[in-house]
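Please treat every number below as a calculation from the coordinates, not as lab data. Predicted model, so just to flag it, every value in this text is computed and none were measured. So basically every Cβ, Gly included, is an ideal-geometry build from the backbone, and we count neighbours across all protein chains shown.
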Amino acid sequence: MNVTLRTPAAPPMARKEPKRLELHGDVRIDDYFWLRDRKNPEVIAYLEAENRYTEEQMRSVEGLREKLYREIVGRIQETDTSVPAKIGDYYYYTRTEQGKEYSISCRKKGSVDAPEEVLLDSNLLADGHAYFRLGVFEVSPNHRLLAYSIDTVGDETYTLFIKNLDTGELLADRIFNTYYSVEWANDNETIFYNVVEPSTKRPFQVFRHRLGTPAEEDKLVYHEPDEAFTLNIGKSRSRDYLFLVLDSATTTEIRYLRADNPEGAFQTLLARRHDIEYDVEHHSDWFYLRINDTGRNFRLVRTPVSNPSPDAWQEVIRHRPDVLLESVDAFRDHLAIVERHQGLRRIRIDSLQDGSSHYVDFPEPTYTVFPTSNYEFDTRLLRFTYSSLVTPDSVFDYDMTARTMELKKRTPVLGGYDPSQYRSERLYATAPDGVQVPISLVYRAGLVKNGRNPTLLYGYGAYGHSIDPSFSSDRLSLLDRGFVYAIAHIRGGSELGKPWHDDGKMLRKKNTFTDFIACAEHLICEQYTSPERLAAMGGSAGGLLMGAVLNFRPDLFHAIIAKVPFVDIINTMLDPTLPLTVGEYEEWGNPLDPEYYAYMRSYSPYDNLTERAYPHILVTAGLNDPRVSYWEPAKWTAKMRTLKRDNTLLLLKTNMGAGHFGASGRYERMKETAFEYAFLLKVFGITE
């Protein structure tokens, strides 16, 4: 049953002077520019009024929200333990306890049966904070000290602490304004960390800190002045080298230093060259470089540590136009190589002893897999997590020599989950230019393709980020109510290689939107669903996708969920003081260039809203979001309210104490999911 909901008046909007924006002869009038000022009490009052309005509109399904939440919680093992990961003589792991929001970090010495040592209880650290996120967690080489960082606001700026694991006491060392990278030198007394620019939140400097000295005296190791680049620090699995990694959206430069020589100077491995990306692994006398200098999908070369000049490079794996070389992990006797072929990941093992190669076999035709917790260099075991749309996350240890694997843990799904009761498929939609776009979908067995199945189509399509077909126990609450869940593997991601990304960015960005529309049309044509039974979801850059397809084809969808949507692209990309703007010129283009401005102007969700009927829409935002400012979804919603000519729901839900990733606690995140699912069920008229 489809429903049309009659909604009361939306929250009142204060009348403000509109902002006149003119560029390249084009004039835009922005009536809601004033919402950018979060220091204005009227802005906060408006956001809070929108939240109250959203709660009022969802009150009729309050019981359903609670039921969904209980379902979602009821499927997880609330008290659970991760698979211990061996590092030296210790086994490190995290565990959760029923009723507690955050994980507890622990270790055991010598064996997994040894007594437990609690290193960090995030629940205690989070006490008194509405938001909490643990950033870095790095144990010193001698396992006696722990460097960890926390964010209690949601703006992704962290405070770094050092804990003495022998005594349990915090050292006096405390460093503010840090980001996600911290590495120990091998002397156990020196750490390297990166910091962010206060306004743009760009990690742009790395400092060296010696324990026991004031942070104000820390030595600046490197400053990256180019605003297109970010700066991070890493360490080789061999633990012999530290790496400064400088990345833009298209270009890389890496510098290296012996980890036992923290006072030394970093040396350049390969100077930056525009449009050349690479990363590095260390093994014995060699550096292994994954680099895209001869083709977009990368090749693998090795070069002597003593002479990393391109003149000394030796090719290990050539570039292949149909295979994306995603990552390389070096171990004592093997290289573990993750490739992507025909949209699916696969793992290749190369022996460094006899030169042989083989692939790890996986049982399903559509799945995802990724290496995880591989901290040791001197090991034959590769640990990876395997998952599919019907198979829960499964941690395996694979013996790279014997070619055997052992299942260490499969994430339990409580409540009698039976994978045989669900079906997954891989379809292909034809885009307007003839390109075949993959679709992964899952549904409950016995589905009848009669065009009446409620369907949720998810998409992202940006930054080369691939959305793989993985398992979600939360999703069962939709599947068990007759939903089809589908993922559109649209251009802008890297599912089909780096060219797949290239074909969905800059002046080809519209391919992302038309691919998604083609996927929606294909599901309708194949009778999985109909426009009256189809919803779409995307977040961040996927929220831009939602805004664009909403403008291009609002008739295709009954409902849209746009999470922290990047919808005011021109205004954001014209402001270099905002986080991410300059670094993303190579993803979207610079609107100061008339050609790019005209192209962005043609699809910008905020600028292309028109008077029309709209689907039911749920929009989310985070007040402290450094990636997509809260005012983008707020302005978009406000403008849409003045233009929509229907009685469909338009809801804005702003988390007033969080950032881009929403609530930080696991139960609070489940409540957010239950809210979104309740919205879908409400607008589809699906009752218990």
Across 5 Å bins beginning at 0, the whole-percent shares of Cα-Cα pair distances in the range 372-425 come to 4, 18, 22, 20, 13, 12, 7, 4, 0
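Express in nm, to one decimal, how much length is gained between residue 408 and residue 341 on full extension, taking 0.36 nm for each residue of separation and deducting their alpha carbon distance.
Result for the pair: 21.5 nm of gain on full extension.
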Across the alpha-carbon set of the range 533-688, Rg over Rh with Rh taken as the Kirkwood radius works out to 0.98
When the charge dipole of the chain is computed with +1 at the Cβ of Lys and Arg and -1 at the Cβ of Asp and Glu, the Cα pointing farthest to the positive end, of 476, 523, 310, is that of 523
Ranking 115, 87, 103 by how far each Cα lies towards the positive end of the charge dipole of the range 77-121 (+1 on Lys and Arg Cβ, -1 on Asp and Glu Cβ), the top one is 87
A chain fully extended from residue 380 to residue 48 at 0.36 nm per residue, minus the present Cα-Cα distance, gains in nm 114.0 nm
The range 376-405 scanned against label point 7 Å out from residue 77 along Cα→C-beta; backbone N under 19 Å for 383-388, 390-398
Charge dipole of the range 129-276 built from unit charges on the beta carbon (Lys, Arg +1; Asp, Glu -1), centred at mean Cα; most positive-end Cα among 181, 139, 229 is 139
About its Cα centre, the chain carries a charge dipole, from +1 on Lys and Arg Cβ atoms and -1 on Asp and Glu Cβ atoms, whose size in debye to the nearest 20 is 1840
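Would you mind getting the Kirkwood hydrodynamic radius of the chain from its Cα pairs, rounded to one decimal in Å?
26.8
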The base-10 log of I(q)/I(0) that the Debye equation returns for the range 62-185 at q = 0.09, 0.12 Å⁻¹, one scatterer per C-alpha, is -0.31, -0.54
Against the 2.2 N^0.38 Å rule of thumb, the C-alpha Rg of the range 129-276 sits at a ratio of 1.04
Between residue 312 and residue 144, the two model label points (7 Å from Cα along the beta-carbon direction) sit apart by a distance in nm of 3.6
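Tell me, 489, 358, 660 in order of fewest to most beta-carbon neighbours within 10 Å?
Details: 489 27, 358 12, 660 21.
Ordered from fewest to most neighbouring Cβ atoms within 10 Å, 489, 358, 660 come out as 358, 660, 489.
Note the direction-averaged projected area, equal to a quarter of the hull surface, for the Cα convex hull of the range 427-516, in nm². Could you put the intermediate results ahead of the total?
Details: hull surface 25.0 nm².
Seen from a random direction, the Cα hull of the range 427-516 projects 6.2 nm² on average.
Quick one: order 260, 393, 275 by neighbouring beta-carbon count within 10 Å, fewest to most. Spell out each step's value before the answer.
Details: 260 14, 393 18, 275 11.
By the 10 Å Cβ count, ascending: 275, 260, 393.
Can you show me the helix-derived [θ] at 222 nm for the chain, built from DSSP H runs with n ≥ 4 at -39,500 (n - 2.57) apiece and divided by the number of residues, rounded to the nearest 500. Before the final figure, lay out each step's value.
Values: 12 runs with 124 residues, N = 688.
Calculated at 222 nm, the ellipticity per residue is -5500 deg cm²/dmol.
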Site residue 187, offset 7 angstrom along Cα→Cβ, radius 15 Å on amide nitrogen, limited to the range 140-173, gives 141-142
Among the Cα-Cα pairs of the range 77-121, the proportion with separation greater than 13 Å, in percent, is 51
For 38, 645, 346, ascending order of other Cβ atoms within 10 Å (fewest first) is 645, 38, 346
Measuring from its Cα centre, the range 77-121 shows a charge dipole (+1 at each Lys and Arg Cβ, -1 at each Asp and Glu Cβ) which, in debye to the nearest 20, is 220
Trypsin sites (Lys or Arg not before Pro) in the range 108-171 lying in a DSSP loop, each with at most 13 other Cβ atoms within 10 Å of its Cβ, come to 144
Per the rule of 0.36 nm per residue minus the C-alpha distance, extending residue 401 to residue 447 adds in nm 12.2 nm
Magnitude of the Cβ-charge dipole (Lys and Arg +1, Asp and Glu -1) of the range 454-580 about the Cα centre, nearest 20 debye, reported as 140
